[in-house]
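For reference, the structure is listed below as structure tokens.
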Amino acid sequence: MLKHIGEYLLLMKQVFSKPEKKKILLSQIMREFDSIGVDSLVIVMIISLFMGAVTALQLAFNLSGNPVVPTYTIGYATRETIVLEFSPTIVCLILAGKIGSRIASEIGTMRVTEQIDALEIMGINSANYLIQPKIIASLIIIPVLIAISMFLAILGGWLAGIFTGLFTSHDYIYGIQSWYHTYEIVYAFEKTFCFAFIISSVSGYFGYITKGGALEVGQASTKAVVNSSILIIIFNLILTQLLLA
Amino acid sequence: MIEVRNISKSFKNTEILKNISIKFEKGKNNLIIGQSGSGKTVLMKSIVGLHNVDKGEIFFDGQPFLIMNDKQKKKIRREIGMLFQGSALFDYMTVEENVMFPITMFTNQSLEEKLERVNFCLSRVDLENANKLYPSELSGGMKKRVAIARAISMNPKYLFCDEPNSGLDPRTASIIDDLIAELTEEFQTTTIINTHDMNSVLKIGDNIAFIYKGELCWQGNKTEILNTDNEKLNSFVFATELTKRLK
Ligand SMILES: Nc1ncnc2c1ncn2[C@@H]1O[C@H](COP(=O)(O)OP(=O)(O)OP(=O)(O)O)[C@@H](O)[C@H]1O
Ligand SMILES: [Mg+2]
């Protein structure tokens with residue numbers, strides 16, 4: 001455990017050294033936008049739309065017939081759930097599975113097929129060349145995905161109301177506009193940045209230290225997903241305490 | 001010239017290389033031969049610094065490699081071309097991009113200049129119409145040849161080839177041997193080749209080092225290798241039908 005932390009920190013030091021060529025870094029980041037962002041868009045969209053709808057319905061069922069709580073609370077509570085926890089935390093957990101396994105298996109395969117050795121022999125800092133563009137791309141694209149997720153989840157809640165008639169569009173929209181605080185959005189995106197960094201760097205680390213063959217590449221990608229998920233959960237608690245207290 | 005002095009290397013308490021000292025000459029084909037598992041790949045990777053040795057010294061044209069700082073090591077590495085046992089082509093790049101990669105990384109040439117160099121290197125390995133293919137679309141022999149083209153794209157001073165013709169048919173194997181020998185002669189590179197192919201040994205073996213279970217067991221050239229009374233070497237050399245008939 002301590003050994004992993006030490007090695008991870010040493011690797012990060014290499015990752016954040018100066019890149020060989022800015023232009024190449026830029027083109028690599030563009031490539032990662034595709035493989036990290038565009039490829040994850042569909043799953044994020046589907047999950048968000050449905051989870052938003054379910055969240056709103058659950059709240060509606062629980063509050064129906066309650067004389068004290070006004071119906072627009074459904075909109076308000078849906079927004080809070082989605083912006084504070086569902087989009088930044090749960091969607092990032094899903095992305096840890098999707099993006100994390102991808103990064104770890106890509107880099108792990110390069111390790112076991114000696115492609116990383118080939119880079120080193122050319123005199124290229126392989127950690128920097130391979131991992132840095134993935135981290136930078138994640139830090140840019142994951143927050144975009146999360147923003148899309150927030151929008152779609154809230155939209156999903158609204159659609160659920162329209163289709164079931166459990167609450168009115170007017171009440172829902174009034175609810176999602178109530179008690180709005182900018183710092184909640186700021187907090188959500190601070191978390192997202194942190195999680196994006198965890199997903200890309202931890203997965204990069206587990207891919208990079210792979211030894212052996214195809215079997216170990218599979219294990220590396222599992223380790224990447226498990227460890228980044230656990231770290232996300234732990235940091236979620238820490239950040240919530242730090243940022244909202 | 002590359003010289004290694006007294007290098008030893010172990011993995012988890014098993015000693016793989018035992019106190020090996022060899023000189024590899026410039027402009028010559030320096031062969032390292034030995035059975036599968038004898039430590040050839042480990043030796044080659046130790047020389048270029050992909051494995052950290054436990055003890056010993058390594059000199060590239062007199063410069064002590066192991067005590068260099070990262071910057072100096074990088075400088076040496078840019079003069080190294082290496083062909084890996086499994087080719088190690090970048091699989092998300094086309095043939096052309098693979099060969100162009102080191103040039104893009106370390107020079108500021110225009111695309112035309114780079115393409116000219118790439119096509120020259122590819123023509124040297126007889127691969128003229130494969131520019132746009134991906135490694136997954138190539139045969140094993142084609143991959144080896146692309147890897148050679150990539151290794152020579154920067155005009156290396158030191159050329160390392162780990163089993164350049166294993167898994168190839170005799171004719172292609174022979175063509176690759178010729179190619180490596182030609183490049184060595186033409187550009188006066190210090191070439192180190194790992195092989196267990198007796199045909200290559202007899203054809204291009206200017207200097208031969210025989211490794212047996214991690215120890216340097218015999219050194220000589222392609223004529224001497226047929227007339228030695230070293231038992232371990234003889235059992236290696238005369239293991240195949242063809243070489244038995246030479247006797
Ligand atoms: N990374 C490693 N970790 C542990 N042991 C290793 C490692 N690499 C090689 N070895 C061991 O070192 C020994 C020599 O391996 P090496 O790859 O150098 O053989 P070789 O002579 O190149 O064989 P071949 O002709 O089959 O390629 C083997 O017994 C192998 O198990
Ligand atoms: Mg080998």
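Brief remarks on what is shown
- Test: residue in the range B:16-28 that is within 21 Å of B:THR184 (Cβ to Cβ), among the basic types (Lys, Arg) and touching a helix residue (DSSP H, G or I) at 6+ places or on another chain (Cβ under 8 Å): yes
Conditions tested, residue by residue: (1) assigned to a helix (DSSP H, G or I); (2) modelled with pLDDT of 95 or more; (3) open to solvent by less than 70 Å² (accessible area, probe 1.4 Å).
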| residue | (1), (2), (3) |
| --- | --- |
| A:TYR205 | yes, yes, yes |
| A:THR210 | no, yes, yes |
| A:GLY218 | yes, yes, yes |
| A:ILE234 | yes, yes, no |
| A:THR240 | yes, no, yes |
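- Members of the range A:1-52 that are within 14 Å of chain B (Cβ to nearest Cβ) and in a loop (DSSP other than H, G, I, E, B): A:SER17, A:LYS18, A:PRO19, A:GLU20, A:LYS21
- Options B:LYS12, B:LYS28: the member that is open to solvent by 10 Å² or more (accessible area, probe 1.4 Å), over 16 Å from B:ILE192 (Cα atoms) and among the basic types (Lys, Arg): B:LYS12
- Matching residues, the range B:15-25, being within 16 Å of ligand 1 (Cβ to nearest atom) and either crowded, with 21+ Cβ neighbours inside 10 Å or not hydrophobic (A, V, I, L, M, F, W, C) (or both): B:GLU15, B:LEU17, B:LYS18, B:ASN19, B:ILE20
- Counted residues, the range B:154-178 - those being open to solvent by 10 Å² or more (accessible area, probe 1.4 Å) and away from ligand 1 (no atom under 16 Å from the Cβ): 11
- Breaking point among (1) within 16 Å of ligand 2 (Cβ to nearest atom); (2) on the phi > 0 side of the Ramachandran plot; (3) out of contact with any Leu (no Cβ under 6 Å at 6 or more places or on another chain), for B:GLY39: (3)
- Qualifying positions in the range B:40-94 - more than 11 Å from chain A (Cβ to nearest Cβ), β-branched (Val, Ile, Thr) and more than 16 Å from ligand 1 (Cβ to nearest atom): B:ILE58, B:ILE67, B:THR94
- Number of residues in the range A:46-75 that are surrounded by 17 or more Cβ atoms within 10 Å (Cβ to Cβ) and within 18 Å of the chain's Cα centre (by Cα) equals 5.
- Any hit, the range B:31-49, residues being open to solvent by less than 50 Å² (accessible area, probe 1.4 Å) and over 28 Å from B:LYS203 (Cα atoms): yes
- Every residue from the range B:128-164 that is of a type in the set (S, T, N, Q) and either farther than 30 Å from B:PHE65 by Cα or touching a helix residue (DSSP H, G or I) at 6+ places or on another chain (Cβ under 6 Å) (or both): B:ASN129, B:ASN131, B:SER136, B:SER139, B:SER153
- Sole residue being away from chain A (no Cβ under 14 Å) and either part of a strand (DSSP E or B) or not basic (Lys, Arg) (or both), chosen from B:PHE120, B:PHE101: B:PHE120
- Residue in the range A:112-128 that is away from chain B (no Cβ under 14 Å) and surrounded by 18 or more Cβ atoms within 10 Å (Cβ to Cβ) present: no
Residues are listed down the side, and each one gets a yes or a no for (1) away from chain A (no Cβ under 14 Å); (2) within 16 Å of ligand 2 (Cβ to nearest atom); (3) within 11 Å of B:LEU31 (Cα to Cα):
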{"position": "B:VAL146", "(1), (2), (3)": "no, no, no"}
{"position": "B:LEU159", "(1), (2), (3)": "no, no, no"}
{"position": "B:GLU163", "(1), (2), (3)": "no, yes, yes"}
{"position": "B:ILE180", "(1), (2), (3)": "yes, no, no"}
{"position": "B:THR191", "(1), (2), (3)": "yes, no, yes"}
{"position": "B:ASP197", "(1), (2), (3)": "yes, yes, yes"}
{"position": "B:ILE211", "(1), (2), (3)": "yes, yes, yes"}
{"position": "B:CYS217", "(1), (2), (3)": "yes, no, no"}
{"position": "B:THR228", "(1), (2), (3)": "yes, no, no"}
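- In the range B:59-85, residue most open to solvent (accessible area, probe 1.4 Å) [restricted to those that are in a strand (DSSP E or B) and hydrophobic (A, V, I, L, M, F, W, C)]: B:PHE59
- So B:LYS203, is it in the same structural domain as B:GLU3 (by TED's automatic domain parsing) and either within 16 Å of ligand 1 (Cβ to nearest atom) or not hydroxyl-bearing (Ser, Thr, Tyr) (or both): yes
- In the range B:129-144, the condition of being in contact (Cβ under 8 Å) with a residue 40 or more places away in the chain and hydroxyl-bearing (Ser, Thr, Tyr) is met by at least one residue.
- The range B:28-48 residues that are in the same structural domain as B:GLY220 (by TED's automatic domain parsing) and in contact (Cβ under 8 Å) with a residue 24 or more places away in the chain, paired with ones that are among the aliphatic types (A, V, I, L, M) and within 6 Å of ligand 1 (Cβ to nearest atom) (beta carbon under 6 Å, 6 or more apart): B:GLY39/B:ILE16; B:VAL42/B:ILE16
- In this structure, B:GLY49 does not satisfy being within 16 Å of ligand 2 (Cβ to nearest atom) and assigned to a loop (DSSP other than H, G, I, E, B).
- Tally of residues being away from ligand 1 (no atom under 16 Å from the Cβ) and either crowded, with 17+ Cβ neighbours inside 10 Å or farther than 16 Å from B:THR195 by Cα (or both) across the range B:213-232: 11
- Close pairs from the range B:2-14: first in contact (Cβ under 8 Å) with a residue 24 or more places away in the chain, partner part of a strand (DSSP E or B) and among the acidic types (Asp, Glu), Cβ under 6 Å, at least 6 apart: B:ARG5/B:GLU57
The values are calculated or read from the model by the stated rules, or taken from the named source; none is laboratory data. Because the structure is a prediction, the values reported are computed rather than measured. Here the Cβ is made from the backbone with ideal geometry for all residues, glycine too, and neighbour counts use every protein chain on show. Please note that ligands, DNA and RNA were not included when accessible areas were found on the heavy atoms of the full protein model with its side chains. Shrake-Rupley method; radii C 1.70, N 1.55, O 1.52, S 1.80 Å.
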